[in-house]
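A quick write-up on the structure given underneath.
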C-alpha cells in the first residue's frame, strides 16, 4: 500500500508518498512540473523491497508554495528538513530531470546522507546551453480570464511525449496547471545551477538513465564521459520513463541499490 502524509519544515508542509519495506530507504524526487505521482507505478513495482518515499518538491503537488525566487539550494534545504522530519537519516536517491539536479546537489553537499544517486535524465549542460533551455522552459502559463492557458498547458504537456496515454496526459496536465508558478520558480533555479560541478563532486555510487525520446538524451553521452564510473542505462520512452519503461527502470535500479546498500 502507498500511503500519503506530510512532513513539517521551517517554510511549510511537504507532501509525500510512502510504501513500506525493510532495509535502506529510497527517496524519489520528481521532474518539473510533475509531482510524486510520477513514481507511483515504480513504487508499486518495487513494493516490499525497501521503504520508498516520493516527495512533492515545494511548489508542486500537495506541498507548500515558496515565496519569491528560491535558489535550488533552498529547495534542497527544505527537502532535507522534510527528510529529517520523517526520520530519513541515510538513504538512496533517485531524481528525474529537476529531481536529478536536486539529488546531485544533496549528494555533493551532504555525502554523509546519501548511499547512492540514480538519475533519470541527468543535466550536464554548459552555461550557454542552460541559457538556451531557459528560453523554452521557464515562463509561467498563468491563469487568464478565458481559460486559454489551459489549452496552452495541455499542448505543452502533450509535446513532452505522453503519446496516446490519456491518463498520463491528464495527470501531468493537472500537475502542471497546479504548479504554473512553481514551474517558473524552480526552472529559474535549475538554469542557474552548475550541475556539472556537483556531478563531478558527488562521491557516492552513481547510476544514470535516459530514453532516446527524452529532451535530455542528447546530453547523455556527455554525462557518461564526465563520470565514466557511473552505471549508464538506456531506457525506453520519452520524458516520462517511470511510466513508460517501469520494467526497464526496475531491472536496472533494484540490483544497483542492493549492491550499494552498505555504502
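The values are calculated or read from the model by the stated rules, or taken from the named source; none is laboratory data. Predicted, not measured: the structure shown is a model, and the values here were computed from it. Note: ideal-geometry Cβ built from the backbone for every residue, glycine included; neighbour counts use all protein chains shown.
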Worksheet item: Looking at residue 253, is it within 16 Å of the chain's Cα centre (by Cα), at negative phi and modelled with pLDDT of 95 or more?
Response: yes
Practice prompt. Go through region 181-214 and give me each residue that's touching a helix residue (DSSP H, G or I) at 6+ places or on another chain (Cβ under 9 Å), within 19 Å of residue 35 (Cα to Cα) and surrounded by fewer than 18 Cβ atoms within 10 Å (Cβ to Cβ).
Written response: 188
Worksheet entry | Only one of 112, 144, 155 that is part of a loop (DSSP other than H, G, I, E, B) and without any contact (Cβ under 8 Å) to a residue 12 or more places away in the chain | 144
Worksheet item: Could you list, in sequence order, the residues of region 167-179 that are in contact (Cβ under 8 Å) with a residue 60 or more places away in the chain and part of a helix (DSSP H, G or I)?
Response: 168, 171, 172, 175, 176, 178
Item to complete: Read through the list (1) touching a helix residue (DSSP H, G or I) at 6+ places or on another chain (Cβ under 7 Å); (2) within 23 Å of residue 177 (Cα to Cα), then give the number of the only condition that residue 105 fails.
Response: (2)
Discussion item. For the structure I just gave you, tell me whether residue 148 is over 16 Å from the mean Cα position of the chain (by Cα), under 22 Å from residue 114 (Cβ atoms) and surrounded by fewer than 13 Cβ atoms within 10 Å (Cβ to Cβ).
Written reply: no
Item to complete: Scan region 225-263 residue by residue and report those that are touching a strand residue (DSSP E or B) at 6+ places or on another chain (Cβ under 9 Å), in a helix (DSSP H, G or I) and surrounded by 17 or more Cβ atoms within 10 Å (Cβ to Cβ).
Response: 241, 242, 248, 249, 252, 253, 256, 257
Worksheet item: Quick one: how many residues across region 100-132 are crowded, with 16+ Cβ neighbours inside 10 Å and closer than 30 Å to residue 52 by Cβ?
Response: 23
Worksheet item: Out of curiosity, is residue 164 in a loop (DSSP other than H, G, I, E, B), more than 18 Å from residue 98 (Cα to Cα) and in contact with a strand residue (DSSP E or B) (Cβ under 9 Å, 6 or more places away or on another chain)?
Response: no
Practice prompt. Determine which member of the set 32, 57 is in contact with a strand residue (DSSP E or B) (Cβ under 8 Å, 6 or more places away or on another chain), assigned to a loop (DSSP other than H, G, I, E, B) and closer than 13 Å to residue 186 by Cβ.
Written response: 57
Worksheet item: Looking at (1) part of a loop (DSSP other than H, G, I, E, B); (2) surrounded by 16 or more Cβ atoms within 10 Å (Cβ to Cβ), which is the one condition that is false for residue 68?
Response: (2)
